[in-house]
Amino acid sequence: MEVFQSHRKSSSNNVIVSILPFYRSAPPLEVRLEDFEFFAMDRLRVLKGISDGLCRGKKPEEMEKLVEDLWKANMRHPQAVEEVNKDIISHFVLRLVYCRTEELRKWFLSMETTLFRHRFRLESSEAQRALMSEFKLPYKAVSNAEFESVKDKLSQVARSMGQNLAAADAIFYKVPFEEVPDLVSGRRVFIHKGHAYVAMNQVVSLVVTQFRSYISKALILTNRKWTSTIREQEKDRLTPIVEALCTSYLGPDYSQPQEFGEISIKDIDQVAKTSFPLCMRHLFEKVKEDHHLKHGGRMQLGLFLKGVGLKLDDALAFWKAEFAPKVSAERFDKEYAYNIRHNYGREGKRTDYTPYSCQKIISVTPGIGDHHGCPYRHFSEENLRAALVRMGVSSRAVEDVMDKVHNRHYQLACTLTFEAVHGSSCDAGINHPNQYFIDSQRVLQSKNGSVA
Amino acid sequence: MTKEEADNGRDDMVIDVPGQANAVPDGFNANYLRIYYGKLFPHADMFKWMSYGNDGKHPGCDKSYFGRREFSFTLENDIYIRFQSFNSVTELENSIKEKCPFKIDIGPVYSVDPAKRHAYAQSGDNVFTPVERELVFDIDISDYDDVRYCCTGADVCLECWPLMTIAIKVIDTSLRDDFGFNHILWVYSGRRGVHCWVCDGKARRLTNEQRAAIADYFHVYKGNENSQKKISLPGLVLHPFLARSYTEVLKGFFEAKLLPNQNLLASEERYEKILEMIPDASVASELRRRWQENKRASMSKDDINIVRWEQLKSILQSGKQKMQGLRRCVEEIVFSYTYPRLDMEVSRHMNHLLKAPFCVHPKTGRVCVPIDPNNCDEFDPTTVPTLSQLLEELNRGGLRQDAENEWDRTSLGESVAFFRTSFVQPLLKSCKEGIENSYNAKLQQSKNDLSW
């Protein structure tokens, strides 16, 4: 088992081992079956906590605190060696669980990378430097002469981020910009002729990129091994545990519409008014108003309607009719019908696409002419208030909702809206637009004795 | 030119129009296109470009390279065919001449010939997946409708076209100075925008994540009609890229051209839009009061927009302003009106198809000609050659025995010559050097391996 150890001296001068593993190889340890499951569940709580934090739009400093707290609460062990073992074992178990589909891999990769990033940042700078060399990153520090020549620009970049170029930061690394996409993305580095000048404190990015790329490849390999040998070999022992671990934490995906099996076109207008969450109401209104929607909006609303129970033929008729003032029937059949059939899994690689969850919708940023994404996140205060009032939310409830929005708790804001509109509580909280719809229909049905 | 390119496929058809012998009525149809593809479309140069030096002459060439590139054709009647691939310039040319596509799109280079894609799995080792693709950008003037009053939607004129010119300047400078790219082709999209193709090897091999990072680096204008604040420039100073764009391009253009030409401060409706961007209500009110009292430009002979802009700047930059949000307010206003608005989705994914240069736009009849970024101020979209104009020019020249290089006797000649000498030739020179170098390196490597 390859594990890097860096020694940290405590105040009492005892050497304390601090370890951040890279999970290069599966541990050749014997693990009890119960530990297999429990370790994984503890780690899953950490990852799920991270996922919630990201969804709520927490800032990096807040995430760092969150990660520290989550780790302490779920993964700490008085004996360092035991803690390392649990860390490594739980990671490898979850690899088995989350290697099996593209979407699971994406989620796991994202959460593990975030976890690693913040754990790395929490390390001391000597530990970080040591970990960097462990990764064998071949980037040289910038020479003094070169530093002098770009010092002004480096200072400008630091100040643009509200920081100052302290003497300690005089160590910069020059790396090809391709190696640090997230720093480039946020304009947090000076780039010149293809090279990025990375400050010591940004070095995290370099290491994290390596980590991410490694785990990504490892997941694909694990999936291969799982499907070819492990799943069958372990069908009486590990496989049932692995499969249970996955579904217990990822909720229903709403790809198969449930109790309110079918909705026909004539019902849509009505249920849109009563049971659509704000994001879908907005898209729906815009389609009616503009007789058009850009791609992002068509996907978000189209898949939602599929989850609500709109059959393919009805979906085609719906979009065709709405677009009719701007798009001739012929042009519709040529340019739009294919994509709708694609969403229902009738074309191309025949994937049956699942409606987007709140997490996914919140994470997109609508561009010019777009109306998708989460309105609680993107609408201006004025527009959001007006929209809530149109939905029938009382002015006091609007204040509560806006309070959640200001604290970037977008899903809580949507939950409060639900409660205000329906006059009943939603304890589970909203995390999927189709869940909002189903819960809404349930409430209305119990009130009226029929589907509204 | 290889032997394959010799036969041009003589097409002796000349259009007969009653009345004027040479006149060709405006229009866009298959007959016109047939002649265009027969005599004017630069098949051989497009092939040379797309081959990136892999013409089979050097032993280090990858003979399969051109054949793995996807093209897509939109035929008459909106029939759309994807995954077209060709193994030689002759195949490419013959297919275009035969099918007469109304639009040609260029996709990525895949791991295998797209014609064979069904034989490959979706995942695992032998996949059908993009392996190279130029870094591309798409800028459309209809995304600027909220800041131009002379035209809307698909229209464009010489008053608002300069918005595209400055977008080219900002992005082109950054691609070269910051990212170190050299082989950049800018193309007029035929109606209302521009496309950019970055063709360096490093650019073609960028991953989706790296493309997204570059797109995000350029992403400053955020939001749409639903959100209030579209440009936010926090921080004490601007990042060097933004600062350079502002001082070298945007500020000058805004103050000297856009402000007076679009009368941005002349009327209440228009100046309110700018006042809305000032976070301090008292400052906004003060300006509003002054401008309402002073409806006619009184003493000064200067343009009223410029006078008012100076007043705005002097209040906001007076140094008396301590409020946080006001520091960069002037820059934010200039950026909102002038900073490039890119279509992010186009740049992010390797598999995005983009229209090929030298296509003809169906709605305007204009050819998608290259634009010289060093002379982009001179580019005039209203004088770009149209299909009918070119055919008329051909007619005037009469029939020629030598059917090569017909474009030289038309207005297209200049564009093809520019394409060749400023883009294709330097690109090919660099590619061939690259092919030779890596071939020699491999030879050296195998020699080293063999040595004892």
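What follows is calculated from the coordinates using simple rules that are stated; it is not laboratory data. For clarity, every value in this text was computed on a predicted model and none was experimentally measured. With ideal geometry, Cβ positions are generated from the backbone for all residues, glycine too; neighbour counts draw on all protein chains shown.
For the protein assembly as shown, build the charge dipole from Cβ charges (+1 Lys, Arg; -1 Asp, Glu) around the Cα centre, then report which of B:HIS352, A:VAL204, A:VAL81 sits farthest towards its positive end.
A:VAL81
Quick check: pseudo-label points 7 Å beyond the Cα along Cα→Cβ at B:GLU98 and A:ALA321, how many nm apart are they?
Placing both labels 7 Å beyond Cα along the Cβ direction yields 4.5 nm.
Relative contact order of chain A, please, whole-number percent, based on alpha carbon pairs below 8 angstrom and at least 6 residues apart.
On the way: 487 pairs, mean separation 54.0, N = 452.
Value for chain A: 12 percent.
Determine, for segment A:10-131, the count of lysine pairs separated by eight or more sequence positions (or lying on different chains) whose alpha-carbon distance falls under 21 Å.
10
Under a crude label model (7 Å from the Cα following the beta-carbon direction), how far is A:ARG346 from A:LYS447 in nanometres?
3.6
In the protein assembly as shown, with Lys and Arg counted as +1 and Asp and Glu as -1 at Cβ, which of these residues, A:HIS342, A:PHE92, B:TYR80, has the Cα nearest the positive end of the dipole, that is, farthest along it?
Of A:HIS342, A:PHE92, B:TYR80, it is A:PHE92.
Just tell me how shielded B:230-242 is by partners: mean number of partner chain Cβ atoms within 10 Å of each residue's Cβ, no decimals. Before the final figure, lay out each step's value.
Values: counts 1, 0, 0, 1, 3, 9, 8, 7, 5, 12, 12, 6, 3.
Rounded to a whole number, the mean comes out at 5.
Ranked from highest to lowest mean number of other Cβ atoms within 10 Å per residue, what is the order of the peptides A:207-213, B:353-359?
Highest-to-lowest ranking by the protection proxy: B:353-359, A:207-213.
Would you calculate the separation in nanometres between label points at A:LYS151 and B:LEU236, each defined as 7 Å from the Cα along the Cα-to-beta-carbon direction?
Result: 1.6 nm between the two label points.
When B:SER142, B:SER51, A:SER425, A:SER264 are ordered from fewest to most other Cβ atoms inside 10 Å of their Cβ, what list results? Before the final figure, lay out the partial values.
On the way: B:SER142 18, B:SER51 21, A:SER425 9, A:SER264 12.
So the residues, fewest neighbours to most, are A:SER425, A:SER264, B:SER142, B:SER51.
Using a 10 Å cut-off around each Cβ, can you sort B:ASP380, B:ASP408, A:ASP87 from fewest to most neighbouring Cβ atoms?
Details: B:ASP380 9, B:ASP408 12, A:ASP87 22.
Placing the least packed residue first, the sequence is B:ASP380, B:ASP408, A:ASP87.
Which of A:GLY367, A:VAL443, A:CYS426 sits farthest toward the positive end of the charge dipole of segment A:366-452, with +1 on the Cβ of Lys and Arg and -1 on the Cβ of Asp and Glu?
Working it through, the farthest residue towards the positive pole turns out to be A:VAL443.
Let's test the formula: R0 of 56 Å, r as the Cβ-Cβ distance of A:LYS59 and B:ALA23. What FRET efficiency results, to the nearest 0.05? Can you show the working numbers first?
Details: r = 67 Å, r/R0 = 1.19.
Computed FRET efficiency for A:LYS59 and B:ALA23 comes out at 0.25.
Hey, what do the phi angles of segment B:76-82 turn into as Karplus ³J(HN,Hα) couplings, whole Hz, using 6.51/-1.76/1.60 and θ = phi - 60°, x for Gly and Pro?
3, 6, 6, 6, 10, 10, 9
Counting Lys and Arg as +1 and Asp and Glu as -1, each charge on the Cβ, what is the dipole of chain A about the Cα centre in debye, to the nearest 20?
On the way: 64 positive and 57 negative charges, 172 e Å.
The calculated dipole for chain A is roughly 820 debye.
Using the Cα centre of segment A:339-452 as the reference point, and only Cβ charges (+1 on K/R, -1 on D/E), how large is the resulting charge dipole? Debye, rounded to the nearest 20. List each step's numbers first, then the result.
On the way: 13 positive and 11 negative charges, 89 e Å.
That gives segment A:339-452 a dipole magnitude of about 420 debye.
Please report, in debye to the nearest 20, how large the charge dipole of the protein assembly as shown is about its Cα centre when each Lys and Arg carries +1 at its beta carbon and each Asp and Glu carries -1 there.
On the way: 122 positive and 122 negative charges, 321 e Å.
Dipole size: approximately 1540 debye.
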